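A quick write-up on the structure given underneath.
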Amino acid sequence: MQDTTVTTNPATTKAMTHEERYKVYAAFAEISRKWVTVMDTKAGFVAALNLGLLGFLWTGAKLFSFEGLTRWITLSATALSLISLLAAIWVVLPRETLREIFGKKIRWDKSNLPVSFYGYVASEYQTNDFSKFERYVADLDHESLAQEALKQHFVICHSVAKKSRTLKTAGMFLISALVCVAIAIGHRIVANEDEAAELTISKSATWTNEQLFAPNC
């Protein structure tokens, strides 16, 4: 049986209208906004884990109360967890300008302004400028709205990517903190066993000495 390939004649392919493009691009932007929610939710989860870890270190196990290596490892875990917590909080902070998203000073294209972005609308139109804003939006056609939706999708994708990178950093610091906690607990267990063994030997030696030097009745 021979393989067959189905081809489509480009001439018969119907191009999308501006209205159809607007619907598709708006759907793209909506999907990217959902990814923002996903990243913020994950950041909240990481932040909660860090708060639980810090509570365990300082009010639960109180590993900082021990001397020596255990205390230093606990302090290291605390520092790593705090960095992770700050990174997680940074992920959920709002970004209202292009500079906060792209990391450099750029401006919106005046030929197609982001009328669906709250940061732009709130900064460019005052509370009594609704009529002005309404007139501008009313003059937009489907082609302009489609371009605006696509630009929003583009900008949101970069915002999500930035959140993702920072969230990954927060996760790595959290994992490092958890490793430090495991080491501190392991070190404390070994130290307790050594102390117990030394105490047993000491009691045994004391009992032997008492037997040797006990007066004969």
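The values are calculated or read from the model by the stated rules, or taken from the named source; none is laboratory data. If you're wondering where the values come from, they're calculated on a predicted model, not measured in any experiment. All Cβ positions, glycine included, derive from the backbone under ideal geometry; neighbour counts span all protein chains shown. We work out accessible area using only protein heavy atoms, side chains counted, and drop any ligands, DNA or RNA first. Shrake-Rupley method; radii C 1.70, N 1.55, O 1.52, S 1.80 Å.
Couple of notes before you dig in:
- Qualifying positions in segment 57-71 - part of a helix (DSSP H, G or I) and surrounded by 15 or more Cβ atoms within 10 Å (Cβ to Cβ): LEU57, LEU63, PHE64, THR70
- Selection status of ASP109, of a type outside the set (A, V, I, L, M, F, W, C) and over 24 Å from ALA177 (Cα atoms): yes
- Test: residue in segment 1-8 that is aliphatic (A, V, I, L, M) and either modelled with pLDDT under 80 or not in a helix (DSSP H, G or I) (or both): yes
- Lone unmet requirement of (1) in contact (Cβ under 8 Å) with a residue 12 or more places away in the chain; (2) over 30 Å from VAL190 (Cα atoms); (3) open to solvent by 60 Å² or more (accessible area, probe 1.4 Å) for GLU30: (1)
- For GLU100, the stated conditions hold: it is free of Cβ contacts under 8 Å to residues at least 12 places away in the same chain, within 26 Å of MET172 (Cβ to Cβ) and open to solvent by 50 Å² or more (accessible area, probe 1.4 Å).
- Hits in segment 139-158 (condition: in contact with a His (Cβ under 8 Å, 6 or more places away or on another chain) and either of a type in the set (D, E, K, R) or modelled with pLDDT of 90 or more (or both)): ASP141, GLU143
- Counting only residues that are over 12 Å from VAL181 (Cβ atoms) and among the aromatic types (Phe, Trp, Tyr), segment 52-95 holds 3 of them.
- Some residue of segment 122-135 being under 24 Å from LYS34 (Cβ atoms) and surrounded by fewer than 18 Cβ atoms within 10 Å (Cβ to Cβ): yes
- So LYS42, is it at pLDDT 90 or above and of a type in the set (D, E, K, R): yes
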